[in-house]
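Report on the following structure.
The values are calculated or read from the model by the stated rules, or taken from the named source; none is laboratory data. Note that the structure is a prediction, hence the values are computed from the model and not measured. A quick note on method: Cβ atoms are made from the backbone with ideal geometry, for glycine too, and the neighbour counts reach across all protein chains shown.
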Amino acid sequence: MRMPPEPPSRNSGMQIAVFRHRVSEILLHNTIYDVVPVSSKIAILDARLPVKQAFNIMHDEGLALVPLWDDGQGTVTGMLTASDFVLILRKLQRNIRVLGHEELEMHSVSAWKEAKLQYYGGADVAGMQRRPLVHVKDSDNLRDVALTIIQNEISSVPIFKSSTDISGIPLLNLATLPGILKFLCSKLQEQPEGYPILRNQISSIPIGTWSQHTGRASTRQLRTSGLSAPLITCLDFLLEDRISSIPIVDDNGSLLDVYSLSDIMALAKNDVYACIELEQLTVENALELQYQVNGRRQCHTCLSTSTLLEVLDQLSVPGVRRLVVIEPMTRFVQGIISLRDAITFLLG
């Protein structure tokens, strides 16, 4: 439902506080079963699989992350992600011996996880440290589930069953921010007039990351990249800033595309990563490889004059994980609003 935007209000702080309280009430009174399909398929990989085979499976199945099963412990003990693939490529291409190309066919995922801790454990790379698997229970309310994802800076979290069933597998599914936001939007749409903040323009709301050109304060710097920039620099930004994507712009700062951390999986097809020099690969080269593997895709955008409701509606669409805020005439990148930004704002 489209509603006319509200001009900035001196009472917006109170509106936001009231709105967040109502959002929390909705999420507190609903559980994971309200967002997870009763019957669904979830991929799980054996931690003993060779690294190369695991990443090939992830690419073929279109997975950016997958739970890891430890047969010895009889449970899910970790997650294999696109970030792991990036870290492996960085080590391979920078001639720091962790796993050689041939060893990717022999070394298990669990061995890589141990090597990752050894080489990155003391560095501030994607929050790397040994810790128990972050998970939630199927009895947890949606607010706690969302906070678990946000506070641990992860994209999804395994849902463990409160009691084991005949299969003995404790994993029910994965909880994700898109599923939670879609459920929440359906609730808000039932009575949108009851939430006046939804009509406010995003330019008047503390949400997302914004360019310094807009005069808005952001807790983190808005990263952009040009087509000729080295891909490795782009990947370093993604890992170090703990963000999932970077807008790709032309010399005038106008949006051309978006490079996401999950796009790196395109290099797993036919072992392309083994045939290239990552240090020589540009962002443009990487995007071309992505197009060849998965086809061209739409850049999802919004305007600074878009309302909060319009932004939440767009982000609740399956596959839309972020919106780039652009100027309507020039497509100059003004900011970016991710799913994480939206949920963080909603929960305060």
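Just give me the residues in region 235-263 being at pLDDT below 95 and on the phi > 0 side of the Ramachandran plot, in sequence order.
The one that is at pLDDT below 95 and on the phi > 0 side of the Ramachandran plot: 242.
Filter region 277-313 for residues that are more than 30 Å from residue 195 (Cα to Cα) and hydrophobic (A, V, I, L, M, F, W, C) and give the result.
278, 281, 283, 286, 287, 289, 293 - these are the residues of region 277-313 that are more than 30 Å from residue 195 (Cα to Cα) and hydrophobic (A, V, I, L, M, F, W, C).
With the condition being in the same structural domain as residue 155 (by TED's automatic domain parsing), crowded, with 20+ Cβ neighbours inside 10 Å and modelled with pLDDT of 75 or more, I'd like the helices (runs of 4 or more DSSP H) fully within region 1-114 carrying at least 1 qualifying residues.
Those helices (runs of 4 or more DSSP H) span 51-61, 82-93.
Taking region 266-290 only, how many residues are among the polar types (S, T, N, Q), farther than 16 Å from residue 82 by Cβ and part of a helix (DSSP H, G or I)?
3
Of all the residues that make up region 47-59, how many are out of contact with any His (no Cβ under 8 Å at 6 or more places or on another chain) and touching a residue at least 60 places away in the same chain (Cβ under 8 Å)?
8
Just need a number here: residues in region 279-313 that are without any contact (Cβ under 8 Å) to a residue 24 or more places away in the chain and farther than 29 Å from residue 267 by Cβ.
Of the residues in region 279-313, 0 are without any contact (Cβ under 8 Å) to a residue 24 or more places away in the chain and farther than 29 Å from residue 267 by Cβ.
Residue by residue, here is whether (1) of a type in the set (Ser, Thr, Tyr); (2) assigned to a loop (DSSP other than H, G, I, E, B); (3) in contact with a Leu (Cβ under 8 Å, 6 or more places away or on another chain) holds:
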{"position": "154", "(1), (2), (3)": "no, yes, no"}
{"position": "162", "(1), (2), (3)": "yes, yes, no"}
{"position": "175", "(1), (2), (3)": "no, no, no"}
{"position": "180", "(1), (2), (3)": "no, no, yes"}
{"position": "183", "(1), (2), (3)": "no, no, yes"}
{"position": "193", "(1), (2), (3)": "no, no, no"}
{"position": "198", "(1), (2), (3)": "no, no, yes"}
{"position": "207", "(1), (2), (3)": "no, yes, yes"}
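Across region 250-270, which residue is nearest to residue 58 (Cα to Cα) among those that are of a type in the set (D, E, K, R) and under 19 Å from the mean Cα position of the chain (by Cα)?
That would be 263.
State which residue is surrounded by the fewest Cβ atoms within 10 Å (Cβ to Cβ) when the search covers only region 291-309 and only residues that are in a helix (DSSP H, G or I) and touching a helix residue (DSSP H, G or I) at 6+ places or on another chain (Cβ under 7 Å).
Of everything passing the filter in region 291-309, 294 is surrounded by the fewest Cβ atoms within 10 Å (Cβ to Cβ).
Looking at the structure I just gave you, is residue 312 modelled with pLDDT under 95 and either part of a helix (DSSP H, G or I) or not assigned by TED's automatic domain parsing to the domain that holds residue 251 (or both)?
no
For (1) in contact with a strand residue (DSSP E or B) (Cβ under 6 Å, 6 or more places away or on another chain); (2) surrounded by fewer than 20 Cβ atoms within 10 Å (Cβ to Cβ); (3) farther than 19 Å from residue 82 by Cα, each residue gets a yes or a no:
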| residue | (1), (2), (3) |
| --- | --- |
| 206 | no, yes, yes |
| 213 | no, yes, yes |
| 218 | yes, yes, yes |
| 221 | no, yes, yes |
| 226 | no, yes, yes |
| 236 | no, yes, no |
| 242 | no, yes, no |
| 264 | no, no, no |
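Can you tell me which residue in region 312-329 is surrounded by the most Cβ atoms within 10 Å (Cβ to Cβ), limited to those that are more than 19 Å from residue 246 (Cβ to Cβ) and over 17 Å from the mean Cα position of the chain (by Cα)?
So, considering only residues that are more than 19 Å from residue 246 (Cβ to Cβ) and over 17 Å from the mean Cα position of the chain (by Cα), the one surrounded by the most Cβ atoms within 10 Å (Cβ to Cβ) is 313.
For residues that are assigned to a loop (DSSP other than H, G, I, E, B), in contact (Cβ under 8 Å) with a residue 60 or more places away in the chain and under 23 Å from residue 279 (Cβ atoms), tally how many sit in region 210-241.
So the answer is 2.
Scan region 155-163 and tell me whether some residue there is buried (at least 17 other Cβ atoms within 10 Å of the Cβ), closer than 30 Å to residue 283 by Cα and in contact (Cβ under 8 Å) with a residue 60 or more places away in the chain.
Checked against the condition, which is being buried (at least 17 other Cβ atoms within 10 Å of the Cβ), closer than 30 Å to residue 283 by Cα and in contact (Cβ under 8 Å) with a residue 60 or more places away in the chain, region 155-163 yields at least one hit.
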